[in-house]
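Enquirer: Structure below; questions to follow.
No value in this document is a laboratory result; all are computed from the given coordinates. Quick caveat: nothing in here was measured; it's all calculated off a predicted structure. In this analysis, Cβ positions are derived from the backbone assuming ideal geometry, glycine residues included, and neighbour counts consider all displayed protein chains.
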Amino acid sequence: MFESLKNLLKHFTGSQESESTASAASNPQPQSNSQAMNANTPRYYTLSEFNLGVGTIGPTNRTDIDSQTVNDMYQAIAAGTFNIPVNGAVPEICVDGRTDKDGNRKHAPCAAGGTLSIVYGGDLGGASTASDTTETQLTVRIINMLKAKGHATGVHGDDHSNCGCGACAKAKTIYQHITEHINDIASLVSKYGINLTDNEKEAIVQQAKNRINQADFFADDRSSILQAAQDNGSVFEELVGVHNELGIALNTKPGTTIDRSAIRAKYGPQYDIFVVDAWSFGTAANDVNPTGAEQDANRIAKAITLQNVATASVLGHGSLSIIPIA
Ligand SMILES: [Zn+2]
């Protein structure tokens, strides 16, 4: 599935008319402004084009940025300028564009909520078992399962919130968002080569509804989930400051993530990006798949993808662009 994503991304990011799509992606034409886009300029979808993006984080709500600089940043990100190697093979840190007080992040694969993306995506995709009767139990079991397979796990907070990770703080809202916007989200991911069958959509929506309707599944104290993860060995990052993300990097280069510190160093401290290391979702799905059947692993990988899009849509504004890196 993710090989096809990668191939499709190569076509998507380049010129619509020529065969030189890969070189168009790696050598994008300069873009003077959004009104002067030409056929050779990569065009990026925004969340609003899919009726998504009900949150506030995004370029439209900013007065401290320069649109030409944002365009330059998008194109440099798409060209792979900021890709750096990671050690891990499954999502471990959050898509959050912020850094710790020293301006750093772990060099690890990113998904919405870090390891919690595998927890929620796994749950939605059918990886949960009868023993997972609460969010806490589910979280603890998945983290220990990943640890047993040799993976590092991680969560984060920030310096001013009880639960500073939006993917965790708003987990129930994100499940709800999936039930209400499944077709919008499926339409978005189809642009990147990920196609959901009606059965897959139905199963994921049904599981989301089951959890929403299951009394006491979601913990009332959202920080207790971050604590349960840490108590079971997850590394904790404390991020600082406000959300300045201007887009969503959709990275399909295996073994890499996007260097947030390098982006700030080049464009300024207010230029941040959400980072989705989609290449790592397939391995995560295989590692939490209870049946070993390929169709189950595929559905889990797709559910992890949906959880990432839904999180971006709940936290982010419709003006957020999606920047594929193939
Ligand atoms: Zn987070």
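Enquirer: Could you tell me the calculated FRET efficiency between Lys149 and Asn51, based on Cβ-Cβ distance and R0 = 35 angstrom, to the nearest 0.05? Walk me through the intermediate numbers first.
Expert: Numbers: r = 38 Å, r/R0 = 1.07.
Efficiency for this residue pair is about 0.40.
Enquirer: OK, next. How large is the charge dipole for the range 200-270, taken about the Cα centre, if only the Cβ atoms of Lys, Arg (+1) and Asp, Glu (-1) carry charge, to the nearest 20 debye? Could the numbers behind the result be given before it?
Expert: Working: 8 positive and 10 negative charges, 86 e Å.
Taking the Cα centre of the range 200-270 as origin, the dipole is about 420 debye.
Enquirer: Please give, to one decimal in nm, the separation of the simple spin-label points placed at Phe236 and Asp64, each 7 Å out from Cα toward the Cβ.
Expert: 2.7
Enquirer: List the residues whose amide H sits under 5 Å from the amide H of Ile323, counting only those 5 or more places along or on another chain, with H placed 1.01 Å from N in the peptide plane.
Expert: Sorted by chain and number, the residues that satisfy this are Ile248, Ala249, Leu250.
Enquirer: Quick check on packing: order 295-307, 72-84, 229-241 by the mean number of other C-beta atoms within 10 Å, highest mean leading.
Expert: Working: 295-307: 25.0, 72-84: 19.1, 229-241: 17.2.
Those peptides, ordered most packed to least, come out 295-307, 72-84, 229-241.
Enquirer: OK, next. To the nearest 20 debye, what charge dipole does the chain have about its Cα centre, counting +1 at the Cβ of each Lys and Arg and -1 at the Cβ of each Asp and Glu? Mind showing how you got there, number by number?
Expert: On the way: 24 positive and 34 negative charges, 72 e Å.
My answer is approximately 340 debye.
Enquirer: How big is the gap, in Å, between the Cα center of the range 233-307 and the Cα center of the range 189-230?
Expert: The two parts, judged by their Cα centres, are 17 Å apart.
Enquirer: Summing -39500 (n - 2.57) over the DSSP H runs of n ≥ 4 in the chain and dividing by its residue number, what mean residue ellipticity at 222 nm do you reach, to the nearest 500 deg cm²/dmol?
Expert: -13500 deg cm²/dmol
Enquirer: Another question, if that's okay. For Lys147, what is the net charge nearby, where nearby means another residue's Cβ is under 12 Å from its Cβ and Lys, Arg count +1, Asp, Glu -1? Can you show the working numbers first?
Expert: Numbers: positive: Arg141, Lys149; negative: Glu92, Asp287.
Net charge around Lys147: 0.
Enquirer: Select from the chain the helices, each a whole stretch of DSSP H, whose alpha-carbon atoms run 30 Å or more along the helix axis and whose Kyte-Doolittle mean is at least -0.5; answer none if there are none.
Expert: Helices meeting the span and hydropathy rule in the chain are 294-315.
Enquirer: Mean separation of Cα pairs under 8 Å and 6+ residues apart, divided by the residue count of the range 115-241: what relative contact order is that in percent? Walk me through the numbers on the way to the answer.
Expert: Details: 140 pairs, mean separation 54.1, N = 127.
It rounds to 43 percent for the range 115-241.
Enquirer: Once amide H atoms are built 1.01 Å from N in the peptide plane, which residues 5 or more positions from His156, or in another chain, come under 5 Å H to H?
Expert: Those lying under 5 Å, H to H, from His156 are Glu237.
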